[in-house]
1. Restricting attention to the range 82-95, report how many residues are surrounded by fewer than 22 Cβ atoms within 10 Å (Cβ to Cβ) and among the charged types (D, E, K, R).
2. Just need a number here: residues in the range 122-161 that are touching a Leu at 6+ places or on another chain (Cβ under 8 Å), under 25 Å from residue 226 (Cβ atoms) and among the aromatic types (Phe, Trp, Tyr).
3. Which of the numbered conditions does residue 15 fail, given that it passes all the others? Conditions: (1) open to solvent by less than 10 Å² (accessible area, probe 1.4 Å); (2) of a type outside the set (Lys, Arg); (3) at pLDDT below 95; (4) not in a loop (DSSP other than H, G, I, E, B).
4. Would you mind telling me which numbered condition in (1) open to solvent by 60 Å² or more (accessible area, probe 1.4 Å); (2) modelled with pLDDT of 95 or more; (3) among the acidic types (Asp, Glu) residue 7 fails?
5. Please go through the range 18-49 and give me each residue that is in contact with a Cys (Cβ under 6 Å, 6 or more places away or on another chain) and either modelled with pLDDT under 95 or surrounded by 23 or more Cβ atoms within 10 Å (Cβ to Cβ) (or both), ordered by number.
6. Inspect the range 134-144 for any residue being closer than 26 Å to residue 21 by Cβ and open to solvent by less than 20 Å² (accessible area, probe 1.4 Å) and give the result as yes or no.
7. Filter the range 148-175 for residues that are over 19 Å from residue 97 (Cα atoms), in contact with an Asp or Glu (Cβ under 7 Å, 6 or more places away or on another chain) and buried (at least 17 other Cβ atoms within 10 Å of the Cβ) and give the result.
8. Given the condition of a type in the set (Ser, Thr, Tyr) and in a helix (DSSP H, G or I), answer yes or no: does some residue in the range 26-33 qualify?
Amino acid sequence: MRSRNAEMRNNLHPAVCDLHVHTKHSCDSQAELEAHCIQALQTGVDTLCFTDHVDYNVNDYGYGYYDPEAFFGDFLRAKEKYGARLTLLCGIEFSEPHLYREELAALSKLPYDYILGSVHYWYRDMFPSLMVRECVPIETCYAHYWDEVLAAVRAGGFDALGHMDFPKRYYNQLLFDHDKIHEICIAMLKNHICPEINTSSLRKNADEPMPGRDILGIYKSCGGKYVTVGSDAHRPEELAAGNAQARELIEYFGFEEINFMQREAREIVCH
């Protein structure tokens, strides 16, 4: 991966990429692919990747919802209509990839550009919003969460780790052990996984994306260079929301923002 020349980059229009976008093919979205495309054209987004949920936990209400054939049909129609004006990528957000390795391997054979691995369940099969309602102590939540994230990145098989400090979006507080995050980052680098800077927490009254400066600093100290950016949009009006804040972090640490084509990392091209 080549680094962009900073001086040249400052003279170019920065590309706006959103690699975490949900559509009606996710159980929790009603958005049409075309609506996201129209929004992108209206707001100056250059690249978007559709990453609908794939959930194999039977306790998730999206279990069994995702239909790859239906998704690819819609994706190809959108690409035919808007592909000359937008870079449209296809992906999935695969939950708990370390627990469903056979299912992940099967989906990996399909022509996805990008696989985002996320951890949504890690303690007694409760989603974090339920943990908050059930008054699960924040210390318990995070202790189990970081163990599960470490297991996921050690297993590998995906391109980026989604919303790395996910409980923060629900507990409005971040707890971590420096050594555990260091261990996670080393495993990510070994398996060619980069962190996603997920900006959805900014829409939940948080003051930083997921992850923020503290954890990204550890990633940088481990030798991390590359990140992706995703809004986690479930509605067109959320597309690329918080992109400027993510870009500030990228510039601060000197990271390279990348996207993927057919699972191969590539540098962002400015205009």
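The values are calculated or read from the model by the stated rules, or taken from the named source; none is laboratory data. Since we're looking at a predicted model, the values are computed, not measured. Here the Cβ is made from the backbone with ideal geometry for all residues, glycine too, and neighbour counts use every protein chain on show. Protein only, heavy atoms only, side chains kept; ligands, DNA and RNA dropped before computing areas. Shrake-Rupley method; radii C 1.70, N 1.55, O 1.52, S 1.80 Å.
1. Within the range 82-95, residues that are surrounded by fewer than 22 Cβ atoms within 10 Å (Cβ to Cβ) and among the charged types (D, E, K, R) number 1.
2. Summing the residues that are touching a Leu at 6+ places or on another chain (Cβ under 8 Å), under 25 Å from residue 226 (Cβ atoms) and among the aromatic types (Phe, Trp, Tyr) in the range 122-161 gives 1.
3. (4)
4. Here residue 7 meets the rest and fails (2).
5. Looking only at the range 18-49, we keep the residues that are in contact with a Cys (Cβ under 6 Å, 6 or more places away or on another chain), and these are 19, 47.
Scanning the range 18-49 gives a single hit, 19.
6. No, every residue in the range 134-144 fails to be closer than 26 Å to residue 21 by Cβ and open to solvent by less than 20 Å² (accessible area, probe 1.4 Å).
7. If the condition is that a residue be over 19 Å from residue 97 (Cα atoms), in contact with an Asp or Glu (Cβ under 7 Å, 6 or more places away or on another chain) and buried (at least 17 other Cβ atoms within 10 Å of the Cβ), then 174 is the only one that fits.
8. No, the conditions are met nowhere in the range 26-33.
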